[in-house]
1. Please give the length that would be gained between Val165 and Leu29 if that part of the chain were fully extended, namely 0.36 nm times their separation in residues minus their C-alpha to C-alpha distance (nm, one decimal).
2. Given R₀ = 30 Å, what would the calculated FRET efficiency be for Lys22 paired with Ile218, taking r from the Cβ atoms and rounding to 0.05?
3. Ranked from highest to lowest mean number of other Cβ atoms within 10 Å per residue, what is the order of the peptides 225-237, 95-107?
4. For His192 and Ser56, calculate 0.36 nm times their separation in residues minus their Cα-Cα distance, and state this gained length in nm to one decimal.
5. Could you calculate the FRET efficiency of Ile158 with Ile2 from 1/(1 + (r/R0)^6), where r is the beta carbon distance between them and R0 is 41 Å, rounded to 0.05?
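Read-outs throughout are calculated quantities, based only on the coordinates presented, and are distinct from any laboratory measurement. What you see is a predicted model; the values in this text were computed from it and never measured. Glycine gets a Cβ as well: all are built from the backbone with ideal geometry, and neighbour counts include every protein chain shown.
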Amino acid sequence: MITQPFKVAGAFLKAMSLVLSKELRLFILVPLLANFVLMGLIYIVAFSYFQSLLDSAMGYVPEWVAFLNWLFYLIFGAIISVLLFYSFSVGINVLAAPFMAFLAEKVEEKETGKIFYEELTTKVILSIIGRSLQRELQKIVYFLPRFILLLLLSFIPIVNVIAPVLLLLFSFWMLSIQYMDYAFDNNKVKFHDMRMALRSKPLLCWTFGGIVMVGLTIPLFNLFVMPIAVVAATLLWVSVFRSQHGDFSALLDRSNGIQ
């Protein structure tokens, strides 16, 4: 377990060189442009509404606990920041999902020699787009109730002190799920099975999510975080998870009589 953070760091270092390779540039350009536009919207909304939202939230704090205003300020600030982050992240991830699925396939093909499709026909492309959007919906359904529960905990006395920490760890976990999932999905691993696989390596997932979170806070560099994270996640699939979970897509194809 202690080596897992080093594996994650190594995957990100290798990913930063791979995203510049000629074979992958095409699959990065479109999501990069989408990322650029939507990230701009994030900053516009954050600067325009953050303070007013924070002031509104502070209006619910009773006067008799005014001496703890600094603590509630931090708590509400953390909650609003996470809300803004996830609201726009969901939009970015849904729009970019098909491109990220293609990117993950190309990285795995480059690393293992496996060929997912002999030819990218219109039928294949539509199938990948439909599957990717369905998977994004599964992530949203998984995320929302847990996120709402953590928000509710933020309003419970004493418990609300650790709520920002729980939200941060949950953010790391969801970022790990978001970007690791593309390679798992490409190999026909079910969403539940993918979560169980990641849950068996919590330190790896928290390290991965933490690196992505830090990258998202760096201006300009955050525009490249999405493709880098997908490439790094695919490298981790190949080096850590693929041997444990087998080549499910190949098994399914053989069972269906597809050569």
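1. On the way: separation 136, 0.36 × 136 = 48.96 nm, distance 3.49 nm.
Extra length available between Val165 and Leu29 comes to 45.5 nm.
2. On the way: r = 26 Å, r/R0 = 0.86.
That gives a FRET efficiency of 0.70.
3. Values: 225-237: 26.8, 95-107: 23.8.
Listed from highest to lowest mean packing, they are 225-237, 95-107.
4. Working: separation 136, 0.36 × 136 = 48.96 nm, distance 3.85 nm.
Difference between extended and current length: 45.1 nm.
5. Details: r = 33 Å, r/R0 = 0.81.
Taking R0 as 41 Å, the efficiency between Ile158 and Ile2 is 0.80.
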